[in-house]
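Student: This is the structure I have questions about; it appears just below.
The values are calculated or read from the model by the stated rules, or taken from the named source; none is laboratory data. The model shown is predicted, which means the values in this text are computed figures rather than measured ones. When we count neighbours, we look across all protein chains shown, and the Cβ atoms used for this are built from the backbone with ideal geometry, even at glycine. Just the protein is used for accessible areas: all its heavy atoms, side chains included, with ligands, DNA and RNA removed. Shrake-Rupley method; radii C 1.70, N 1.55, O 1.52, S 1.80 Å.
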Amino acid sequence: MDIVILLGAPGSGKGTIASRLAETNANLKHVSSGDLLRGAVAKGTAAGVEAKGYMEKGQLVPDALIAQMIKDVIAETEGDVTMLLDGFPRNVAQAEILAETGAPVRSVVLVDVPDEIIQDRIAGRRTCPKCKAGYHVRALPPKVEGICDKCGAELVVRKDDNPETVKDRLVVYHRETEPLIAFYEAKGLLRKIDGDQGPAKNAEAFLAAM
Ligand code: ADP
Ligand code: ZN
């Protein structure tokens, strides 16, 4: 087992890249911290109850809460698998917790997208609440409007995808997450791809870079 970390702003397309690659490569496993947290919220677990308020405000949930979920997934992942870690770590403290687990990080790929594009990307984003597939009303529309291609469920707009919360999430990204670029550059692990090439080419570029 080893880990490839996806770094990038909210709306940079990391989740789309990771889920595409995991669909077509049996040895890649997509692990999204946001999906884990939304799952916990939906189930009403203790962690979910604690996380909910932070998520709705676009703030980071406490490090220990998300770190424990990620450690659990790492512990149950064995064999010839590369984990595409999407959304964790999101600050330097989390990166240090990950390093302490001893799980080998193969590389860290920054999905680079200009800030101007992000707002529009998120405004058009639609998500399947059942299978977690992601869509965009223009860039990546489902075959039938409002319906998931993969499982037929009705698509939703995520609660935290409103313009106000998106602004807060971008502030948090620049303040908390961007320092990870220098952190991993110093370890010689950082690579970078242009995240504005369309979903198929983004995924191809990512696979080549990781
Ligand atoms: P996006 O990448 O579009 O911001 P995510 O699904 O990754 O969306 O995250 C949604 C929310 O979940 C975040 O705004 C935050 O509240 C919480 N979250 C996800 N990952 C982490 C993390 N590693 N640390 C703290 N909070 C997190
Ligand atoms: Zn679906």
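Student: Once neighbouring chains are kept in place and the probe is 1.4 Å, which whole percent of the accessible area of the chain is contributed by carbon and sulfur?
Tutor: 53 percent
Student: Still on this structure, please answer the following. How much length is gained on full extension from Asn25 to Ala42, taking 0.36 nm per residue of separation minus their Cα-Cα distance?
Tutor: The span from Asn25 to Ala42 would gain 3.3 nm if fully extended.
Student: Cα gyration tensor of the chain, axes a ≥ b ≥ c as square roots of the eigenvalues: rounded (a/c below 1.5), prolate (a/b > b/c) or oblate?
Tutor: Taking the square roots of the gyration eigenvalues as a ≥ b ≥ c, the chain is rounded.
Student: Another question about this same structure. Top mean-square fluctuation among Asn162, Asn25, Asn91, Gaussian network model of the chain, C-alpha springs under 10 Å?
Tutor: Comparing Asn162, Asn25, Asn91 in the GNM, the peak value goes to Asn25.
Student: With the cut-off at 1.5 for a/c, could you classify the range 86-210 from its C-alpha gyration tensor as rounded, prolate or oblate?
Tutor: Since a/c reaches 1.5 and a/b is larger than b/c, the shape of the range 86-210 is classed as prolate.
Student: Here's something else I'd like to know. Longest exposed-loop-site-free stretch of the chain, with trypsin sites (Lys or Arg not before Pro), DSSP loop and at most 15 other Cβ within 10 Å?
Tutor: 1-129
Student: Using only Cα atoms, figure out Rg for the range 1-110 and give it as a multiple of 2.2 N^0.38 Å.
Tutor: 1.03
Student: Further question on the same structure: What are the GluC sites (Glu not before Pro) within the range 114-184 that DSSP puts in a loop, where the Cβ has at most 10 other Cβ atoms within 10 Å?
Tutor: Those that pass, being in a loop and sparsely packed, are Glu145.
Student: Oh, and also: Kindly provide the helix-only [θ] at 222 nm of the chain, computed as the sum of -39,500 (n - 2.57) over DSSP H runs of four or more divided by all residues, to the nearest 500 deg cm²/dmol?
Tutor: Calculated mean residue ellipticity at 222 nm is -13500 deg cm²/dmol.
Student: Averaged per residue, what accessible surface does the range 7-157 expose to a 1.4 Å probe, in Å²?
Tutor: Value for the range 7-157: 49 Å² per residue.
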